[in-house]
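Peer 1: Next up is a structure, given as structure tokens.
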Amino acid sequence: MHDTASDIGGRFLRRHSRAGHLIVELGAADINGSIRSFAHPEACYVGIDTAPGPGVDLVANGERPLPIKPQSVDIVVATSVFEHDGFFWNTFTDLLRLMKAGGLIYINAPSNGDYHRYPNDNWRFYPDAGKVLEKWGRRNGHDVRLLESFIADRQADIWNDFVAIFQLGPIASEYSHLSDEVACANVWRMNDGEPSRIRLQTQDTALLADARREIGELQARHDKLAHELERAKVYAGAYADVVDPHYRPGFVHAMGLEVRAAKVESPPVASEAPPVVSEAPPVVSEAPPIVSDAPDVAASTSPDP
């Protein structure tokens, strides 16, 4: 038994079972759990199934009326069984036959989920199924009312449960709704003309849509990173061409969203030309001194002999 079937069925039995009640569970074989333990300890609990096994008190032929006295049962619970019943609408009518006035029928059946044969897997139940079963019971002469139905949110398992609670005869004014304490959608209540908390998508399709959206976001991120990686490769190639391979002053970060290439510095360029001699070499402005006096001729002439 999966988590929500146990949880919601347990809530129902703890709330409504009383000492002295006759409680009939249809499809009572204990397969991975049972809700029997949630019933009042002083209630008379009868588990019915089509084959012997744990939790089965009475083996019945699924194609014949149940061997229970009419108008004797206070509560019927049928958890994870209607999907396996080839003619569940006839079974529902037979359950109404067994009920006392004021008795309650609790049905929990899958609204989605895997194909599972015990011995067959025939049906899934959508939100309006409870209203149709109410009409079917009335058409067959039973004063039955749908108190509430809903599609429960999944928990850890894959299942979304269809839950419907019916009452035969007079309605208890103190009835409190399970849909007020269970996470659920598409809620029908007695005398409602339309369901409330409408959710058009099943949780399966909503989860698929979320997964597709997440995949799209991841793909976009992948594409962006691939583009940045290509840019990084270009930068890395240009860097290798111009820089001494033994000298790496920076880095290229190729896997993130930011790519930084090493800064390549050219050798320093002289900003000034070599100093220019702005002055010519000094020019001699004065001629060398000229001998202004001729040699003394008289003094230099030897006297005549």
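Values in this text are rule-based calculations from the coordinates and carry no lab data. Please read these numbers as outputs of a predicted model, since none were measured by experiment. Positions of Cβ are generated from backbone atoms using ideal geometry, with glycine treated the same way; all protein chains shown enter the neighbour counts.
Peer 1: Defining a contact as two alpha carbons under 8 Å apart and six or more residues distant in sequence, what relative contact order in percent does region 1-93 show?
Peer 2: 30
Peer 1: Hey, another quick one. Quick one: Karplus J couplings for region 85-100, per residue in order, coefficients 6.51, -1.76, 1.60, θ = phi - 60°, nearest Hz, x for Gly and Pro?
Peer 2: Result, ordered by residue: 8, x, 9, 4, 5, 6, 4, 4, 4, 5, 5, 4, 4, 7, 7, 6 Hz.
Peer 1: Pull up the cross-link candidates among the lysines for LYS233, meaning alpha carbon to alpha carbon under 25 Å and not fewer than 8 places away within one chain.
Peer 2: LYS224, LYS263
Peer 1: For VAL77, what residues show an amide H to amide H distance below 5 Å, using hydrogens built from the backbone and excluding near sequence neighbours?
Peer 2: VAL24, GLU25, LEU26, TYR106
Peer 1: Applying the Karplus parametrisation 6.51 cos²θ - 1.76 cosθ + 1.60 with θ = phi - 60° to the phi angles of region 108-116, what ³J(HN,Hα) value in whole Hz is obtained for each residue in order, glycine and proline being reported as x?
Peer 2: Result, ordered by residue: 10, 9, x, 9, 7, x, 6, 6, 9 Hz.
Peer 1: Net charge within 12 Å of VAL76 by Cβ-Cβ distance, Lys/Arg positive one each and Asp/Glu negative one each, not counting VAL76 itself?
Peer 2: -1
Peer 1: What percentage of all Cα-Cα pairs in region 3-198 are separated by more than 23 Å?
Peer 2: Value for region 3-198 (Cα pairs over 23 Å): 38 percent.
Peer 1: Nearest-5 percent of antiparallel DSSP beta bridges in region 3-198?
Peer 2: Taking every DSSP beta bridge with both residues in region 3-198, the antiparallel ones total about 55 percent.
Peer 1: Report ³J(HN,Hα) in whole Hz for each residue of region 119-125, in order, from the Karplus equation J = 6.51 cos²θ - 1.76 cosθ + 1.60 where θ = phi - 60°; Gly and Pro get x.
Peer 2: x, 10, 10, 10, 9, 10, 10
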